[in-house]
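What follows is a structure written as structure tokens; I'll ask about it next.
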Amino acid sequence: MASIIIIAVVFVLDALAFVLAIGAEKRRSTATLGVDDRSRQYCVYSTDAATGYGIAALLLLLAAQAVVMVVTRCFCCGRALSPGRWRAFSGFCFIACWFTFVIAELCLLAGSVRNAYHTKYSTLVMSGPPRCAMLRKGVFAAGAAFTFLTALFAELHYIFFAKARHAAAVPPPIVGAGIGMTRM
């Protein structure tokens, strides 16, 4: 059967990644225009906490996936699972989990990199007020949404894998006593 400890560890890691991704969305860098001592305008950025939150969420999500993949032997290594609905459900959740995991990691990584990118003096090469680079709204929120889906599919994959593994360990029942004979 599925281990409660594994389920709890994966849930806690995924929940923390989700909360940090939401926190990163709330703490995105914003820019305002400032004026230096030579009357040149430049970009002044608010806090850069979202980059740290995004990277932390990325690493926690990666750790949760590593735990699930080690426990389930990446679904392809180890002894074979018994054919049936649990193996089919586990396979579907495995594919969906990896698909959502890759998208979540890309959103969190791209959001963290873009949030950390700051322009200061862009008026040296062009005229007019500087264009301050800022991260669009919703990048970390998309990462959080895909983190939630990854958590859901990872938990379901582990539970279905455990059921399929348990079904494979049980020998088929012997019907009747003795050796079964069939007609020729």
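Under 7 Å between Cβ atoms, at least 6 apart or on separate chains: pull out the pairs that start in region 47-70 with a residue that is farther than 20 Å from K137 by Cβ and of a type in the set (K, R) and end on any residue that is in a helix (DSSP H, G or I) and open to solvent by 40 Å² or more (accessible area, probe 1.4 Å).
none
Follow-up. Any idea which of (1) modelled with pLDDT under 90; (2) within 23 Å of S112 (Cβ to Cβ) is the one V19 doesn't satisfy?
(1)
The rows are residues; the columns are (1) open to solvent by 40 Å² or more (accessible area, probe 1.4 Å); (2) at pLDDT 95 or above; (3) not in a helix (DSSP H, G or I).
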position: G54; (1), (2), (3): no, no, no
position: V70; (1), (2), (3): yes, no, no
position: A80; (1), (2), (3): yes, no, yes
position: P83; (1), (2), (3): yes, no, yes
position: R87; (1), (2), (3): yes, no, no
position: S90; (1), (2), (3): no, no, no
position: C93; (1), (2), (3): no, no, no
position: W98; (1), (2), (3): yes, no, no
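Among the residues of region 80-108, what is the count of those that are out of contact with any helix residue (DSSP H, G or I) (no Cβ under 6 Å at 6 or more places or on another chain) and over 16 Å from F153 (Cβ atoms)?
Qualifying residue count, region 80-108: 5.
Determine whether region 43-50 contains at least one residue that is more than 19 Å from V113 (Cβ to Cβ) and surrounded by fewer than 19 Cβ atoms within 10 Å (Cβ to Cβ).
Yes.
Scan region 133-157 residue by residue and report those that are outside any helix (DSSP H, G or I) and open to solvent by less than 40 Å² (accessible area, probe 1.4 Å).
A133, L135, G138
Also, I was wondering about something else. Please pick out the residue among T123, T119 that is surrounded by fewer than 20 Cβ atoms within 10 Å (Cβ to Cβ), under 30 Å from L59 (Cα atoms), touching a Lys or Arg at 6+ places or on another chain (Cβ under 8 Å) and modelled with pLDDT under 80.
Just one listed residue meets the conditions, T119.
Among the residues of region 9-21, write down those that are open to solvent by 70 Å² or more (accessible area, probe 1.4 Å) and closer than 19 Å to T51 by Cα.
L16, F18, V19
Okay, moving on. Of (1) at positive phi; (2) surrounded by 15 or more Cβ atoms within 10 Å (Cβ to Cβ), S39 satisfies all except one. Which?
Against the list (1) at positive phi; (2) surrounded by 15 or more Cβ atoms within 10 Å (Cβ to Cβ), S39 comes up short only on (2).
The values are calculated or read from the model by the stated rules, or taken from the named source; none is laboratory data. Keep in mind that what you see is a predicted model, and the values were worked out from it rather than measured. Cβ atoms come from the backbone with ideal geometry, glycine included; neighbour counts cover every protein chain shown. Surface accessibility is based on the protein's heavy atoms, side chains included, excluding ligands, DNA and RNA. Shrake-Rupley method; radii C 1.70, N 1.55, O 1.52, S 1.80 Å.
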